[in-house]
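For reference, the structure discussed in these notes is given below.
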Amino acid sequence: MFKKVIGLCALLAVMIAVLAGCGQSGVRPEKTSRSMDKVTDLAGRTVNVPFPADRIVAIGPGALRLVCYDGAAGKVVGVENAEKQWPAWTRPYIMAYPQLKNLPVIGQGGPDYVPDAEKLVGVKPDVIFVTYLVDRTRADELQARTGIPVVVLSYGKLATFDDDLYRSLQLIGRITGNENRADAVVAFLKKCRQDLYERTKNIPAASKPGVYVGALGMKGTHGIESTQAKYPPFVAINARNVVDQTGGTGSLMIDKEKLLSWDPDMIFVDEGGLSLVEADYRKNPQFYQSLRAFKNGAVYAQIPYNFYTTNIDTALADSYYAGKVIFPAQFKDVNPVQKADEIYRFLLGKPLYQQVAEGCGGFKKLNFNRLNPSAPAQK
């Protein structure tokens with residue numbers, strides 16, 4: 001009897017093994033069979049993540065962009081609905097990876113929405129990357145609700161050339177197994193920053209024109225009043241940003257009368273909010289024609305700097321364009337369109353300037369007189 005029981009147990013073990021083998025095709029391995037890696041995220045949380053993560057999602061402003069820069073778009077298994085709805089030209093990473101729009105929806109998306117735990121669980125990611133939507137406590141709560149590691153990323157205070165941005169890129173690279181690519185991206189950003197700085201570092205402050213950028217995106221589109229103090233593209237080229245007189249840092253909405261008192265020599269209008277500036281100009285052309293930049297025809301369009309937080313690639317392109325406009329001698333070797341494509345090609349694998357420009361207009365001098373035929377001719 002004892003021998004018969006042993007024999008039955010052995011037969012049962014063989015059958016289980018055979019059935020398990022037959023079921024392996026298309027089945028995702030359990031996380032317990034994979035190595036784990038302990039990381040510290042940008043909220044200071046220690047998180048255990050499977051290494052390397054093969055299935056990922058990125059939620060919140062800018063998270064998916066950083067994943068794409070690190071060459072991990074192929075590991076994304078779901079996207080926010082907003083990524084499918086917004087025009088692609090506002091976010092070049094969607095132009096580079098249009099297949100992302102075909103993935104399952106993992107939540108609504110947008111600057112202030114609450115993550116959808118049920119939909120996140122539904123796509124079975126190994127890791128959830130998140131920016132801005134959660135603080136330390138809420139990240140812990142989302143992780144507890146989903147049972148999936150949540151890794152908080154950050155663009156820092158001013159994005160573009162921020163150490164927190166670099167750390168976020170390297171963290172994504174480490175978790176996805178793309179460390180070399182992440183290091184290359186960080187090195188590229190730092191190299192651009194150094195090149196921009198070196199070109200203008202010796203220009204005397206007294207010889208620099210006063211400049212201003214308006215219509216910057218900030219949780220939506222805005223008109224000429226939306227700007228930034230310590231605006232990274234201006235900081236990068238050592239430009240004299242009139243808004244820095246406020247002593248602040250980052251996004252702010254100014255009183256239009258303040259712009260009159262600053263009266264900058266040159267004004268850049270972000271094309272994300274250009275239509276609002278044009279509509280306001282039609283209502284009050286006298287205000288705009290009181291500004292020397294408008295009177296002298298020194299108003300320039302830049303491609304959208306912010307959309308679902310900062311387009312880092314576009315921010316670099318805008319930096320070189322602003323340098324070309326403000327300091328032509330120092331940027332005489334730069335073709336802004338070619339430089340933009342060089343940046344897009346490195347960060348996203350494709351020269352995207354033309355596609356972006358078809359959506360928003362591209363780099364150009366703006367002629368507002370066409371909106372007000374009675375205005376004096378621009379110089």
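Pairs meeting the criteria (first residue in the stretch 144-173 and under 14 Å from residue 310 (Cα atoms), second residue of a type in the set (Lys, Arg) and part of a helix (DSSP H, G or I), beta carbons under 6 Å, at least 6 apart or on different chains) are 161/193. Taking the listed residues 162, 135, 183, 126, the one that is buried (at least 18 other Cβ atoms within 10 Å of the Cβ) and under 21 Å from the mean Cα position of the chain (by Cα) is 162, with no other qualifying. Within the stretch 191-216, the set of residues being touching a helix residue (DSSP H, G or I) at 6+ places or on another chain (Cβ under 8 Å), part of a helix (DSSP H, G or I) and surrounded by fewer than 19 Cβ atoms within 10 Å (Cβ to Cβ) comprises 193, 197, 200. Checked against the criteria, residue 182 does not count as in a helix (DSSP H, G or I) and more than 30 Å from residue 320 (Cα to Cα).
Residues that are of a type in the set (A, V, I, L, M), touching a helix residue (DSSP H, G or I) at 6+ places or on another chain (Cβ under 8 Å) and outside any helix (DSSP H, G or I) within the stretch 217-264 comprise 224, 229, 237, 239, 252, 254, listed in sequence order.
Here residue 227 meets the list (1) surrounded by 23 or more Cβ atoms within 10 Å (Cβ to Cβ); (2) closer than 22 Å to residue 353 by Cα; (3) β-branched (Val, Ile, Thr); (4) free of Cβ contacts under 8 Å to residues at least 60 places away in the same chain almost entirely, failing just condition (2). Within the stretch 258-268, can one find any residue that is in contact with a His (Cβ under 8 Å, 6 or more places away or on another chain) and of a type outside the set (Asp, Glu)? The answer is no; no qualifying residue exists. The C-beta contact set for the stretch 254-273 (first residue among the acidic types (Asp, Glu), second residue in a helix (DSSP H, G or I) and surrounded by fewer than 17 Cβ atoms within 10 Å (Cβ to Cβ), distance under 7 angstrom, 6+ apart or interchain) comprises 263/292; 265/292. Checking the stated criteria, residue 343 turns out not to satisfy the condition of being closer than 16 Å to residue 214 by Cβ, surrounded by 19 or more Cβ atoms within 10 Å (Cβ to Cβ) and touching an Asp or Glu at 6+ places or on another chain (Cβ under 7 Å). Where helices (runs of 4 or more DSSP H) sit wholly within the stretch 33-139, none has at least 2 residues that are touching a residue at least 40 places away in the same chain (Cβ under 8 Å) and under 14 Å from residue 150 (Cβ atoms). Evaluation of residue 263 against the conditions (1) modelled with pLDDT of 95 or more; (2) out of contact with any Lys or Arg (no Cβ under 9 Å at 6 or more places or on another chain); (3) among the acidic types (Asp, Glu) shows that the sole unmet condition is (2). The set of residues in the stretch 207-223 that are touching an Asp or Glu at 6+ places or on another chain (Cβ under 8 Å) and free of Cβ contacts under 8 Å to residues at least 60 places away in the same chain comprises 210, 223. So residue 330 clears everything in (1) of a type outside the set (A, V, I, L, M); (2) crowded, with 16+ Cβ neighbours inside 10 Å; (3) within 17 Å of the chain's Cα centre (by Cα); (4) assigned to a loop (DSSP other than H, G, I, E, B) except one condition, right? Which one? The failed condition is (3). Of everything listed in (1) hydroxyl-bearing (Ser, Thr, Tyr); (2) touching a helix residue (DSSP H, G or I) at 6+ places or on another chain (Cβ under 7 Å); (3) not in a loop (DSSP other than H, G, I, E, B), the single unmet condition for residue 160 is (3).
The values are calculated or read from the model by the stated rules, or taken from the named source; none is laboratory data. Since the model is a prediction, treat every value here as computed from it, not as a measurement. Heads up, the Cβs are rebuilt from the backbone with ideal geometry, glycines too, and the neighbour counts pull from every protein chain shown.
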